[in-house]
Amino acid sequence: MARRSSQTPPPEDFEERILDIDVVDEMQSSYLEYAYSVIYSRALPDARDGLKPVHRRVLYQANEMGLRPERAHVKSARVVGEVMGRLHPHGDTAIYDTLVRMAQPFSMRLPLIDGHGNFGSLGNDDPPAAMRYTEARLTEAAMAMVETIDEDTVEFRPNYDGSEREPEVLPSAFPNLLVNGVSGIAVGMATNMPPHNLAEVVAAARHLIRHPNADLDALMRHIPGPDLPTGGLVVGLDGIRDAYESGRGTFKIRAKVSVEDVTPRRKGLVVTELPFTVGPEKVISKIKDLVGAKKIQGIADVKDLTDRAHGLRLVIEVKNGFVPEALLEQLYKLTPMEETFGINNVALVDGQPLTLGLKELLEVYVDHRFEVVRRRSDFRRRKRQDRLHLVEGLLVALVDIDEVIAIIRSSDNSAQAKERLIERFSLSETQTAYILDTPLRRLTRFDRIELEAEQEKLLTEIAQLTEILESDTVLRKVVSDELGAVAKKFGTERRTVLLEAGAVATAAVPLEVADDPCRVLLSSTGLLARTADGEAPTADTADGADQRRARHDVIVSAVPATARGHIGVVTDAGRVLRLPVIDLPQLPPSAQTPALSGGAKVAEFLKLDAGESVIALTTLDESSPGLALGTEQGVVKRVVPDWPDNKDEFEIIALKDGDKIVGAVELRTGEEDLVFVTSDAQLLRYPAGQVRPQGRPAAGMAGIKLADGVRALSFSAVDPAQDALVVTVAGASDALDGLGQGTAKVTPFEQYPRKGRATGGVRCQRFLKGEDKLVFAWVGAAPARAATANGSPAELPARDPRRDGSGVPLAKDIAAVAGVA
């Protein structure tokens, strides 16, 4: 069976014609058509309204759909469908992406779409929801873009299939191209314009209207630079001026960062504004890559604490020992926290792509507004003239209404009535038709008064509109006033800070904190801190009382150190815990050192056992005479300063069951006197030389002889050459140990004689009626400063030269006493 051909044979009268076309010419022609289509119909904005065709179609169609700000939101898919079906010949993805961008406050300086739902996040870290989920309507600013479009203010053209008409440009009541910026890639060219502040742009446009020959410097006094939706810092203004002059230039955008205490132990870089189009996820990812590759040091953690209530908040925790400002400079260089924005002001002017400077952009827009207002005025004048023509005809008929009615009633039909009225009253056909269509109820005396008032109003408005059309000065004033009203309605404060090149660059400082001398402080409420430059705590007054301060901590222990060194923390369980100094918060140089409100709790740095507490600090200096310890059961020990480098914690005494350390002091010279004070008001003082130094595992030796039921209340070491004091507080049997309740006595230390080690000592306070023990005792250098349990100051009585005298009642309970360290 013969195979049948699937091709239809040509008709008999078919004449074959083959055209010889040069492929080079064909390629050039086709490519130019394609390039022009992309440039004109897709990628570049019109310099008049600052919109690409798809942006313009979305706004126009949403306005046609009645999606005004006072109406309810509708599904974004409805808008996209209407735009695609009526005006836009391309896919729905491009339309929805456009709608989304116009709704993002971080992309548009003045959003044109009021979105409801997930419209994405900064940097597109969180993409927008599908168009079937989101809802949209126009904003007030968008209404200003399409306002008066129905008054013949702009030209219309057929859509892609000729079934609809669309505007060539929108009336645009504000300079949208400069205010919201734009970016696009065409064929062989691209555009990239940053957003600006509306109030500044309008001020420049109004200045140009008043002074058409204004130079760039005059305009830049109103527009000093871009104003980005995400804020940030613009560094370097030379590139901005180049762009405003020639249409091309670059500038750098930096994140807005502050150095804050993000934890009690660490400082951090808190980012509240990022460069335009950069999201926090991009920054976090880059930082993690750099840390992983060990290209950047000093970052402990990065947290994104951004939320809708507080806005952007990216916290970069800085490791102790690193300078936050120096680390910030590295982040600017290595991460998207500093970006370069390239300005390329390419826009369509009369269908031709041109690179425009600031003045040219404003001139194109201002000329557009002149044309819009001129066409609007002409349209409104024609409408009012037409209405005036009808009103005048009706007024003529009202003068002799009886005759008008008689003519109408005696006519055979409306056509005859129309001819007779025209002939009788010299009316036009339009006026006559209007009279015939007017109900008799309107032909009253009251309606005549209304018509005369309307006639007068129409004449006034026509005269005003004629003045606008005939006077260039009036036209300029109208355009300027309308721009001023828009700026007043939509203008906002500048968000972006403009800085000269290098204005925010920090001084050249090392990344890591130098190993400078410092002093580590322990307060009575358990706070740790370090001072800068080895500053020592000082008393404010001669007697140690600071009446100006409502709250303070006394310094119960202070040791010299270096910023990158270590100190030891002595606990009452006989342990020493090694602590890096760099981890401690640093007090500002101007701080009153007894006030450690900037310190951090011991628990932030050390893990203590249950019931264990910190007694004192030590330097871990093996060249010192060593550490002197006193226990509750009266044991004394001088520890040989042999500290293990490979351990973060170690024992310094073998305590007996139930015993604990009540005092620990690092000896400076070895010539100090060791002092015990017991709960039965006995004080024993003897030279430190009477105690033989022992190794860390040793249990110590007898330090003071205790009676049954008596315990050592305090232990300290005092330089005999110093002016020292003994502070004791007596109380009843049921008083809390360690909290001074009752009567206090302050005695000069020199009143107590030296005795031998392991003896009973001498009386330091005589008990009054109801008192049977000491509840608090302290011996140290004068002046003495006292504090309550919460750190507030407490008064101490005056010195009593009698070593066995009685105490003075206290106004506040004493929890801690300290002198000059």
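Every number here is computed from the coordinates shown, using simple stated rules; none is lab data. Model, not experiment: these values are computed from the prediction. Here the Cβ positions follow ideal geometry from the backbone for every residue, glycine too, while neighbour counts run over all protein chains shown.
Odds and ends about this structure:
- For the cross-link pairs LYS660/LYS773; LYS769/LYS812; LYS252/LYS288; LYS333/LYS488, the ones whose C-alpha atoms lie over 29 Å apart are LYS333/LYS488.
- Mean-position separation - Cα centroids, segment 659-734 and segment 128-151, in angstrom: 82 Å
- Exposure proxy order (Cβ contacts within 10 Å, fewest to most) of TRP778, TRP643: TRP643, TRP778
- Percentage relative contact order, segment 117-240, counting C-alpha pairs under 8 Å, at least six apart: 14 percent
- Local electrostatic count, ARG420, Cβ distance below 15 Å [Lys/Arg +1, Asp/Glu -1]: -4
- Chain lengthening between ILE449 and GLN416 when straightened (0.36 nm per residue, less Cα-Cα): 8.9 nm
- Seen from THR306, the other residues with C-beta closer than 11 Å to its C-beta sum to a net charge of -2, counting Lys and Arg as +1 and Asp and Glu as -1.
- Once C-alpha pairs closer than 8 Å and six or more residues apart are averaged by separation and normalised to the residue number of the chain, the relative contact order reads 9 percent.
- From largest to smallest, the equivalent ellipsoid semi-axes obtained for segment 375-490 from the alpha-carbon gyration tensor read 39, 14, 11 Å.
- Under-5 Å amide H pairs with ASP227, H placed in peptide plane, nonlocal only: HIS196, ASN197
- Segment GLU12-LYS607, extension gain: residue separation times 0.36 nm, minus the distance between their alpha carbons: 203.9 nm
- Full extension of the chain between GLU371 and HIS310 gives 17.5 nm of extra length, using 0.36 nm per residue less the Cα-Cα distance.
- Model label zone, ARG71; criterion: amide N under 15 Å from point 7 Å along Cα-to-beta-carbon; scope segment 93-128: 113-115
- Axis angle, to the nearest 10 degrees, between helix 53-64 and the longest C-alpha principal axis of the chain: 80 degrees.
- Per-residue [θ]222 nm for the chain (sum of -39500 (n - 2.57) over DSSP H runs n ≥ 4, rounded to 500): -9000 deg cm²/dmol
- Using a simple spin-label model with pseudo-atoms 7 Å out from Cα toward Cβ, ASP400 and LYS477 lie 4.4 nm apart.
- Rough spin-label spacing in nm, given labels placed 7 Å along Cα→Cβ, for ASP97 and ASP126: 2.2 nm
- Coupling constants for segment 622-637 follow from the phi torsions by the Karplus curve (6.51 cos²θ - 1.76 cosθ + 1.60, θ = phi - 60°), and in residue order they are 6, 8, 7, x, x, 9, 9, 10, x, 10, 5, 8, x, 8, 10, 8 Hz; glycine and proline get x.
- Segment 75-208 - convex hull of alpha carbons, volume per residue in Å³: 144 Å³
- Diffusion coefficient, µm² s⁻¹, Stokes-Einstein with Kirkwood Rh over alpha-carbon pairs of the chain at 37 °C and 0.692 mPa s: 93 µm²/s
- Think of each Lys and Arg Cβ as +1 and each Asp and Glu Cβ as -1; about the Cα centre, that makes the dipole of the chain roughly 3180 debye.
- Between the listed residues VAL100, THR496, GLY791, the Cα displaced farthest toward the positive end of the dipole of the chain, a dipole computed from Cβ unit charges relative to the Cα centre, is found at GLY791.
- In degrees, nearest ten, helix 445-470 long axis to first principal axis of the chain (Cα): 80 degrees
- In plain terms, the residue of SER806, SER107, SER623, SER426 with the fewest other Cβ atoms within 10 Å comes first and the most crowded comes last, giving SER623, SER426, SER806, SER107.
- Going by neighbour counts of Cβ atoms within 10 Å, the residues LYS773, LYS383 line up, fewest first, as LYS383, LYS773.
- For ALA798 and ALA300, a Förster radius of 51 Å and the Cβ-Cβ distance give a FRET efficiency of 0.50, rounded to the nearest 0.05.
- Placing unit charges on the Cβ atoms only, positive for Lys and Arg and negative for Asp and Glu, gives segment 72-205 a dipole magnitude near 340 debye about its Cα centre.
- Segment 225-302 versus segment 320-335: alpha-carbon centroid distance in Å: 12 Å
- Only Cα pairs under 8 Å and 6+ residues apart enter the sum, and on that basis the relative contact order of segment 256-336 stands at 36 percent.
- In this structure the amide hydrogen of ILE113, modeled in the peptide plane, comes within under 5 Å of the amide hydrogens of ALA103, THR139, none closer than 5 places in sequence on its chain.
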